[in-house]
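The structure appears right after this line, and notes come after that.
The values are calculated or read from the model by the stated rules, or taken from the named source; none is laboratory data. Here the structure is a predicted model, which is why all the values come from computation and not from measurement. Counting neighbours? That spans all protein chains shown, and the Cβs are built from the backbone with ideal geometry, glycine included. Areas reflect the complete protein model, heavy atoms only, side chains present, ligands, DNA and RNA absent. Shrake-Rupley method; radii C 1.70, N 1.55, O 1.52, S 1.80 Å.
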Amino acid sequence: MSNAVIIKDAVKKYGDFIALKGVSLDIKEGEFFTLLGPSGCGKTTLLRMIAGFNSIEGGEFYFGDRLINAVPAHKRDIGMVFQNYAIFPHLTVEENVAYGLKARKVPKAQIEPRVKEALELVQIAHLAKRKPNELSGGQQQRVALARAFVIEPSVLLMDEPLSNLDAKLRVQMRTVIKKLQRKLGITTIYVTHDQEEALAISDRIAVMKDGVIMQCGTPTEIYAKPQNPFVAGFIGVSNFLDCTMEQDGLVDIKGELKVKVPVKSTYTGPARLSARPEQLFFAEAGMPGEVQFSTFLGDFIEYEVKLDDGQNLIVNEYTKDTTEVHEAGEKVFLNFDPQRISVYEAESEEVITC
Amino acid sequence: MARGQGAALDRKKLMADPIMVTTIVLLITFLTLFILYPLAILLVDSFVGDGSFGFSIFKRIFAMPTFTRAITNTLKVGFVVGIFSSLIGLLFAYVEVYVRMNRFAGGLFKLVSLLPVVSPPFVLSLSMIMLFGKAGIITRFLLHIYDNSVYGYWGIVIVQTLTFFPVCYMMLKGLLKNIDPSLEEAARDMGAGRWKVFADVTLPLMLPGLGNAFLVTFIESIADFANPMIIGGSYDTLATTIYLQITGAYDKAGAAAMAVVLLCITLLMFAVQKYYLEAKTAATLTGKASRGPMLIEDKSVKVPLTIFCSLVALFVIMMYICVPIGACFPTWGYKFFPLTGKWFKQVFTRYHGFKAFKDSFVLSLIASPITALLSMIISYLVVKRKFKAKGFIEAVSMLAMAVPGTVLGVGYIRGYSGGLFHTGVLQGIYGTGLILIIVFVVRSLPTGTRSGISALRQIDKSIEESAYDMGADSLKVFMTVTLPLIKDSFLSGLVTAFVRSITAISAIILLVTPSFLLITVQINEFAEKGSYSLACAFATILIIITYSAVLLMNLFIKYFGTSRKIKED
Ligand SMILES: Nc1ncnc2c1ncn2[C@@H]1O[C@H](COP(=O)(O)OP(=O)(O)OP(=O)(O)O)[C@@H](O)[C@H]1O
Ligand SMILES: [Mg+2]
């Protein structure tokens, strides 16, 4: 049976170094949940604590309502897909896939059909008799996948399973993974540092930095409403501007532009504004600047605009919304939709807008 | 077309480099004269030794019961020692890799892996006799057993196992460390417990490596001369039988044929090991481990394993320490106190200890830089250059690895006592220090070459190429770029060659003349006569020399080394 995974205040220490500083997550049954963050932020560490390969220095881990802190790895009922696949080199493809079933003492008669079905699901049934060294990278990855889900684990863990594949195969395999997960409904925790992959594949994402969760939400929430400048910068591209927050949601940008944004706090004072390139547009009035150069990218045009105070901004304009291309050197004014941008307190980096 | 042109270009480049060509020619001459030729002459002699071509000599030796018994004895010992050594080695390796040990146990493990390398070959046999023999400290004085015999089959098996298992341990440790931990983790999260993981994943992955360790030990055991000589008693192995055939029966043709038989056995093993198992080992262990393996936390497994291995280690270390202590007993086997230095005094006053020390020391000291330089040149040529005879050089220097010392010794006797092909040419070197030095060099060359090759493989080719681009010739590049980069490896090759030379016995004992007194030969002589106190005293002197050499090397590398010490794996 698939399980919810609940983590309360997980702490991991390597000697004096604290790799996880009290991480809490509530992962729902059947959910595709992704841990996303830059290298070294503690994703693998957290995943291996869930798997039972790392000791737990603090906090509680639950599968459903079962506390698993003291349960050894082989009794946790998990399937894991490793970055380097970790297929047994001395066993054939089908022996690899059958391994977990045998270890769980599944009756012999059931093993063969289940292995066959799993191999068919990942479309490598014709390779059943091969040894791993006779497979391509993508095929090995499929074996690893089949091996992990054939045991119908209550939780499926994947640590950057696609990072050893080339770009095209990566996109292809992530669709395979996503469809499979939907079909089987196994709670899945997926680790990646590729934000595009995370957005494409996940039901929900937790963005991590230095052992702390910066934001947790659906891909659209995280993209549209980043809760702090780190998330705004890490997911997609963001332009940051210094500004001053005044009463009633009024934002003053360097005295050049004043807009009203929807706010949820009463903070006033120095602040930072972040706007996606597609949220900025050319207007009759606004922040004055000069086009540095433009890149035509098919469905949109990307501009680099230098504001008069010297800061560079990236602006995207959809081809379908425009008829003319602004040339380098052209003087322009930039504006944005105040409903969609985010503003953060300068000191605490807490979000002000809602 | 392009390939032909490439080869032509390579040849042109080579010919434009006279130093290189001279080196290659000299090297080929050396290898042919001192490795290939002695082996070839053995073959020739054993087929035509009696004047007529045929199998008559082989028929004669196979009709000797002593010889056929020696073959079964040798194989029996080799097989059992191979099994024991690889299993104990595996246990040690597994504990080292999977159990976090305290400093004390860690130190024991390290010592166990180091001691056999720097010790003379007889040490364990001597201490075995001292501890468990008729007058053994443990058997007679602790257990009051008065008729225990350590001589024979079990004596050889135990002593060789204790001597060779550390080699297996080091080999298998390297392999275990290279097993990708995620393989074991994958098995574990699918529901396999630790024993199942070991049986299903770790062990199958290690099998080729274990086979490799087994064969390497098998070859070592078969080629071992010193231990069977001292502790074998009437249980003769091929190496001792060949020795006795020459020194006792003066049957040089028979000995040559026997040597051919011994050589065939080791070559066969070596071929299997080299071409079959090594390739297989490489195939199953591809992933480089990026993080440590899952350590055993379960105390009920961890504690007994650590304690068992530590006890074995302590026992081995104690056996090594026994020899210097045994050299200080007033009367071996009867009176232990007060400890005395009289045997050392006798060694120097009555038994020419100083000359033995000097001869051994000087000959090894001359041989070791030659060995180190030769092995560096060979590894350099093998790794970095392309030329026609490269395959020959590589093959012959590897062949030397599979040749037992006794076989080489007989080959030199047959090949040089009457000059080249019994013509008198080069006869002059027979019986001189020069031939001893050459034997030292040839015997240590394979080890040096092997470690040289692995050191050189770590140097990026572009570093040297940039030097060539700037106009340096090969000697200059080798001396100014390559050599400094492998300075530490060269130094350790130097010391290894020295230690191997000064502790060598199997080939040397057949070639040494009374004008040279070598320590190892003295140890053998006194142990044969039953003068164990004197044998121990000589062995102690040898141990002091080798340990000082290794100590000096470590100090030197620590303070003057360019790179950090090159790790054993
Ligand atoms: N065994 C260890 N001992 C000490 N520190 C460790 C150990 N393993 C990980 N760390 C540290 O903990 C932090 C988190 O490591 P972790 O492997 O979880 O990063 P990650 O988010 O998975 O990064 P990547 O995307 O590069 O895989 C890093 O700073 C790392 O240096
Ligand atoms: Mg990671």
**Fill in**
Heads up, the strands (runs of 3 or more DSSP E) in the stretch A:120-232 (entirely inside) with at least 3 residues that are within 14 Å of chain B (Cβ to nearest Cβ), more than 16 Å from ligand 1 (Cβ to nearest atom) and closer than 19 Å to A:L101 by Cα are none
**Asked** What are the residues in the stretch A:233-256 that are out of contact with any Cys (no Cβ under 9 Å at 6 or more places or on another chain) and either part of a strand (DSSP E or B) or buried (at least 19 other Cβ atoms within 10 Å of the Cβ) (or both), if any?
**Response** A:F234, A:I235, A:S238, A:N239, A:F240, A:L241, A:D242, A:C243, A:T244, A:M245, A:G249, A:L250
**Message:** So if I check each of B:L143, B:L210, B:L203, which one is open to solvent by 50 Å² or more (accessible area, probe 1.4 Å) and within 14 Å of chain A (Cβ to nearest Cβ)?
**Reply:** B:L203
**Prompt:** Inside the stretch A:257-284, can you point out the residues that are open to solvent by 10 Å² or more (accessible area, probe 1.4 Å), over 16 Å from A:V315 (Cβ atoms) and outside any strand (DSSP E or B)?
**Reply:** A:P262, A:K264, A:S265, A:T266, A:Y267, A:T268
**Asked** Filtering the stretch A:126-149 down to residues that are open to solvent by 10 Å² or more (accessible area, probe 1.4 Å) and among the aliphatic types (A, V, I, L, M), which residue is modelled with the highest pLDDT?
**Response** A:A128
**Message:** What are the pairs with Cβ atoms under 6 angstrom where one residue, in the stretch A:182-207, is at pLDDT 90 or above and the other, located anywhere, is within 13 Å of ligand 1 (Cβ to nearest atom) and β-branched (V, I, T)? Sequence gap at least six, or different chains.
**Reply:** A:Y190/A:T34; A:A198/A:T34; A:A198/A:T192; A:S202/A:T34; A:I205/A:T34; A:A206/A:I213
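To keep it simple, each residue is scored yes or no on (1) within 18 Å of the chain's Cα centre (by Cα); (2) surrounded by fewer than 24 Cβ atoms within 10 Å (Cβ to Cβ); (3) of a type outside the set (A, V, I, L, M).
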position: B:T217; (1), (2), (3): yes, no, yes
position: B:I230; (1), (2), (3): no, no, no
position: B:A239; (1), (2), (3): yes, no, no
position: B:I242; (1), (2), (3): no, no, no
**Complete:** Selection over the stretch A:8-32 where residues are within 16 Å of ligand 2 (Cβ to nearest atom) and out of contact with any Gly (no Cβ under 9 Å at 6 or more places or on another chain) yields a count of 2
**Message:** Tell me whether the stretch A:52-70 contains one or more residues that are hydroxyl-bearing (S, T, Y), within 16 Å of ligand 2 (Cβ to nearest atom) and either within 13 Å of chain B (Cβ to nearest Cβ) or part of a strand (DSSP E or B) (or both).
**Reply:** no
**Message:** With more than 31 Å from the chain's Cα centre (by Cα) and either surrounded by fewer than 24 Cβ atoms within 10 Å (Cβ to Cβ) or within 16 Å of ligand 2 (Cβ to nearest atom) (or both) as the only criterion, which of A:K116, A:K75 stands out?
**Reply:** A:K116
**Prompt:** Taking the stretch A:183-211 on its own, how many of its residues are open to solvent by 10 Å² or more (accessible area, probe 1.4 Å) and either more than 16 Å from ligand 2 (Cβ to nearest atom) or closer than 20 Å to A:P153 by Cα (or both)?
**Reply:** 10
**Complete:** Exactly one of B:P120, B:P204, B:P181 is over 21 Å from the mean Cα position of the chain (by Cα) and more than 25 Å from A:R48 (Cα to Cα), and that one is B:P204
**Request:** Among the residues of the stretch A:1-23, write down those that are open to solvent by 20 Å² or more (accessible area, probe 1.4 Å) and under 24 Å from A:I235 (Cβ atoms).
**Result:** A:K21, A:G22
**Item:** Meets criteria (charged (D, E, K, R), under 17 Å from A:Q141 (Cα atoms), at pLDDT 90 or above and more than 15 Å from ligand 2 (Cβ to nearest atom)) for A:K178
**Value:** yes
**In the stretch A:285-301, residue surrounded by the fewest Cβ atoms within 10 Å (Cβ to Cβ) [restricted to those that are of a type outside the set (D, E) and part of a loop (DSSP other than H, G, I, E, B)]** = A:G298
**Request:** Scan the stretch A:24-43 residue by residue and report those that are surrounded by 20 or more Cβ atoms within 10 Å (Cβ to Cβ) and within 10 Å of ligand 1 (Cβ to nearest atom).
**Result:** A:L35, A:L36, A:G37, A:C41, A:G42, A:K43
**Asked** Quick one: is A:Y62 more than 16 Å from ligand 1 (Cβ to nearest atom), of a type in the set (F, W, Y) and open to solvent by 20 Å² or more (accessible area, probe 1.4 Å)?
**Response** yes
**Criterion (surrounded by 14 or more Cβ atoms within 10 Å (Cβ to Cβ), under 30 Å from A:I189 (Cα atoms) and free of Cβ contacts under 8 Å to residues at least 24 places away in the same chain) met by exactly one of A:E304, A:E221** = A:E221
**Asked** What do you reckon, is A:L199 among the hydrophobic types (A, V, I, L, M, F, W, C) and more than 26 Å from A:G40 (Cβ to Cβ)?
**Response** no
**Asked** What is the one condition in (1) touching a residue at least 60 places away in the same chain (Cβ under 8 Å); (2) open to solvent by less than 20 Å² (accessible area, probe 1.4 Å) that A:L165 does not satisfy?
**Response** (1)
**Message:** Please go through (1) under 18 Å from the mean Cα position of the chain (by Cα); (2) of a type outside the set (K, R); (3) part of a loop (DSSP other than H, G, I, E, B); (4) within 19 Å of A:I6 (Cβ to Cβ) for A:L47 and return the number of the only condition it doesn't satisfy.
**Reply:** (3)
